[in-house]
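Student: Before we start, here is the structure in question, set down as structure tokens.
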């Protein structure tokens with residue numbers, strides 16, 4: 001079994017700006033198996049997920065709604081995307 005690299009930082013791509021950032025600095029939006037879309041505070045909820053970075057331009061509801069719809073294949077509700085003060089994924 002390979003050893004874990006202590007200096008490895010997982011990165012994810014923002015659905016809005018398409019820039020790569022550390023996973024812990026991003027907010028995960030997930031489509032659950034039942035089809036509901038919600039914010040994933042833990043980063044471990046099962047389902048198809050996409051990430052949005054901390055950039056204020058990426059937190060704009062209109063821009064993020066189009067990106068989340070493209071990534072998850074369904075229209076998110078506006079309250080799901082109100083992530084201006086939302087905590088990011090912890091893992």
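A short reminder: the numbers here are calculations on the coordinates, not readings from a lab. Note that the structure is predicted; figures quoted are calculated from it, not measured. All Cβ positions, glycine included, derive from the backbone under ideal geometry; neighbour counts span all protein chains shown.
Student: With (1) touching a helix residue (DSSP H, G or I) at 6+ places or on another chain (Cβ under 6 Å); (2) without any contact (Cβ under 8 Å) to a residue 24 or more places away in the chain as the list, and residue 29 as the residue in question, which single condition is left unmet?
Tutor: (2)
Student: In this structure, does residue 24 turn out to be surrounded by 10 or more Cβ atoms within 10 Å (Cβ to Cβ) and assigned to a strand (DSSP E or B)?
Tutor: Taking the combined requirement at face value, the residue does not satisfy it.
Student: Evaluate the range 11-22: report whether one residue or more is in contact with a helix residue (DSSP H, G or I) (Cβ under 7 Å, 6 or more places away or on another chain) and more than 19 Å from residue 78 (Cα to Cα). Don't jump to the end; show me each part of the working.
Tutor: First pass over the range 11-22, keeping only residues in contact with a helix residue (DSSP H, G or I) (Cβ under 7 Å, 6 or more places away or on another chain): 11-12, 15-16.
So of that shortlist, the ones also more than 19 Å from residue 78 (Cα to Cα) come out as 11-12.
Yes - at least one qualifying residue is present in the range 11-22.
Student: Given the residues 75, 62, 79, which is the only one that is loosely packed, with under 13 Cβ neighbours inside 10 Å, in contact with a helix residue (DSSP H, G or I) (Cβ under 6 Å, 6 or more places away or on another chain) and not in a strand (DSSP E or B)? Spell out how you get there, then give the answer.
Tutor: On the way: 62 fails: in contact with a helix residue (DSSP H, G or I) (Cβ under 6 Å, 6 or more places away or on another chain); 79 fails: in contact with a helix residue (DSSP H, G or I) (Cβ under 6 Å, 6 or more places away or on another chain).
Within the list 75, 62, 79, the selection yields 75.
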